[in-house]
1. To one decimal place, what orientation-averaged projected area in nm² is obtained for the convex hull of the Cα set of the range 2-100?
2. Peptides 117-124, 53-60: what's the order by average Cβ count within 10 Å, highest mean first?
3. Please name which of 191, 20, 172 has its Cα lying farthest along the dipole of the chain towards the positive end, using unit charges on Cβ (Lys, Arg +1; Asp, Glu -1) and the Cα centre as origin.
4. Once amide H atoms are placed 1.01 Å from N in the peptide plane, what residues at a sequence separation of 5 or more from residue 146, or on another chain, have their amide H within under 5 Å of its amide H?
5. Ranked highest first by the average count of other Cβ atoms within 10 Å around their residues, in what order do 129-137, 151-159 fall?
6. Just name one of 44, 222, 122: the one whose Cα is farthest towards the positive end of the charge dipole of the chain (beta-carbon charges, Lys/Arg +1, Asp/Glu -1).
7. Return the long-range amide H neighbours of residue 119 (sequence gap of 5 or more, or a different chain), with a cut-off of under 5 Å between placed amide H atoms.
8. To the nearest 20 debye, what is the magnitude of the charge dipole of the range 1-98 about its Cα centre, counting +1 on the Cβ of each Lys and Arg and -1 on the Cβ of each Asp and Glu?
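Each value in this text was obtained by applying a stated rule to the coordinates, not by laboratory testing. All figures in this text were calculated on a predicted structure; none of them were measured in a lab. Don't worry about glycine lacking a Cβ; one is built from the backbone with ideal geometry, like all the others, and counts go over all protein chains shown.
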Amino acid sequence: MNKLGLLGKDISYSFSRTYFKKKFENENIKNTSYENFDIENIDLFPSIIRNTKDLKGLNVTIPYKEQVIPFLDKVNKKAKAIGAVNTIRITKKGKLVGYNTDCYGFKKTLKPFIKSHHKKALILGTGGASKAIAYTLDEMGITYLYVSRKLSDGVGFSYETLTEDDISDNQIIINSTPLGTFPNIEDCPNIPYHAINEKHILFDLIYNPEETKFLKLGNKNQATTINGLRMLEFQAEKAWSIWNLK
């Protein structure tokens, strides 16, 4: 039995397990299981590798996308440049190889919506997922600035310093924070939403709920809104192809 799984913390809600279970049923994939490895801290990771027979690969989610890197034998070039890993392949010799499929999923989801005026973006949040977003925007030739609670190196704005003009000026806004995730569906990043208009794209990496408050407020102002579901589906398929590399 080939085993796959998701490494994370408090992940009972996880998209991945449901997605792969359905995939295995629909595509009649036998002899493969997918389970959650919910750990309190990253130091427990080696014991999962030691004690899980026939483990072939893992997805990695919050808060371990960066913390897992020192435990890996090899990190793919793109994942190294991003500084975050969300997919691990375990080779026949038991080596752990890290990849990042966030960038693939994000790019494939965003690209169809990009128009010529979409040249500048704001990334809300500075965690592991935001790094893949930044890397992808670079690839797409879109400039970006980070927005975070505190101003620090590499952060363009704090939520306090963000003005209506900044919103008007940056017509792609990406929420890479967990704000608004079920059950806290009334939460949303604190930005001047009234400055959003029909030229904006609001992209939320959250997929539960389907329409977060962040997206609702964007919709109200005629923005194009995208949730994180397609991105996750693209990522899952990319991870599947990595685990099945010959």
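1. Taking a quarter of the hull surface, the average projection is 6.3 nm².
2. 53-60, 117-124
3. Final value for the positive-end residue is 20.
4. Answer set, sorted by chain and number: 123, 156, 157.
5. 129-137, 151-159
6. 44
7. Placed amide hydrogens put 171 under 5 Å from residue 119.
8. 580 debye
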